[in-house]
Amino acid sequence: MGKTGFSPIGNSTKGLHTVALMGFTLLVGSGESRGQDYQDWFSRSETAFEKGDTKLEISCLTEAIKRCPEHGTLYGTLYGTRGAEVLYSDRGAAYDAEGFSDQALSDYNKALKFAPTFWAARYNRGTMYAAQHKYKEALEDAEIAVKYCGHQEGPFCLRGALRGATGDYLGARSDLRQATMMNPEDANAYNSLAWLLATCPTPSIRDGSQAVRDATRACKLKGWNDPAPIDTLAAACAESENFHDAVNWELKCLSFRQGSQRTDYQSRLTLYQNHQPFRDTAP
């Protein structure tokens, strides 16, 4: 969903606790609004984002914020008619991508001061809280984001992650399945759901065959070039007692250069070689 993409439940850092935030894509429309100075800076920030220049994006958004009237508007955004809250939320996401969590949190708070129900800022702040394992605060933001996000799947992924992280596996499964239906092209949603179905500590939640289908879908959407869904596919095969394929897929994961992940991959490979499935840890 634009700049924001994450793998809320899965194996990027192991288990049910992974939320990686990267921001949002906002589109400025044409017409008189583009002649306004702050909107021009906002448009420049989007160009910087598309080029992967986060530092320039922050600089452009800072200039836009300086020039944006308190009740100014940005036309044609993903969120409808919005103003300063979009600038602060987007700059917060950029700060977070650069590792400046204090500045990011400050910007999210400012965005929500302008618009307490602005789902994008709630989602962004919620992902930050979740990454810090502040699940109570994160869930509060996720609930509001889900209420106001319309047909965006991201908030459902976030709430599913948080439900899974706190042991509400039924709720997690429901949210993640809803996310895949809302956006069938969201590889992270499929990966997260498959990981839950393959590795959940609660037997009634696990469904190996469905996990294989969802993980395969995620792998295809990623072009078979991302080790995370391939690792999930290996876990799904193991849950389905297809340890031959589980071993082969885990070996493929190890063929990627994943320094911090290699220990996890090797550990799971050993399990599969011994005909044992992987089980996630209950909270």
Excluding residues fewer than 8 positions from K110 in its own chain, the lysines with Cα under 30 Å of it are K3, K51, K55, K66, K134, K136, K147
If I take R0 = 30 Å and measure r between the Cβ atoms of D53 and E140 in this structure, what FRET efficiency does the formula 1/(1 + (r/R0)^6) give, to the nearest 0.05?
0.35
Between A282 and W224, what is the spin-label point distance in nm, taking each point 7 Å from the Cα along the Cα→C-beta axis?
3.8
Can you grab the distance from the C-alpha centre of segment 194-215 to the C-alpha centre of segment 79-128, Å, no decimals?
34
Residue-wise, which Karplus ³J(HN,Hα) couplings in Hz belong to segment 214-229, taking 6.51 cos²θ - 1.76 cosθ + 1.60, θ = phi - 60°, and x for glycine or proline?
5, 5, 4, 4, 4, 4, 5, 5, 8, x, 6, 10, 10, x, 4, x
Using DSSP to call loops (not H, G, I, E or B), can you name the trypsin sites (Lys or Arg not before Pro) in segment 183-283 whose Cβ has at most 14 other Cβ atoms within 10 angstrom?
R257
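Every read-out reported here was derived from the displayed coordinates using simple, explicitly stated rules and does not represent laboratory data. Everything numeric here is computed off the predicted structure, so don't read it as measured data. Here the Cβ is made from the backbone with ideal geometry for all residues, glycine too, and neighbour counts use every protein chain on show.
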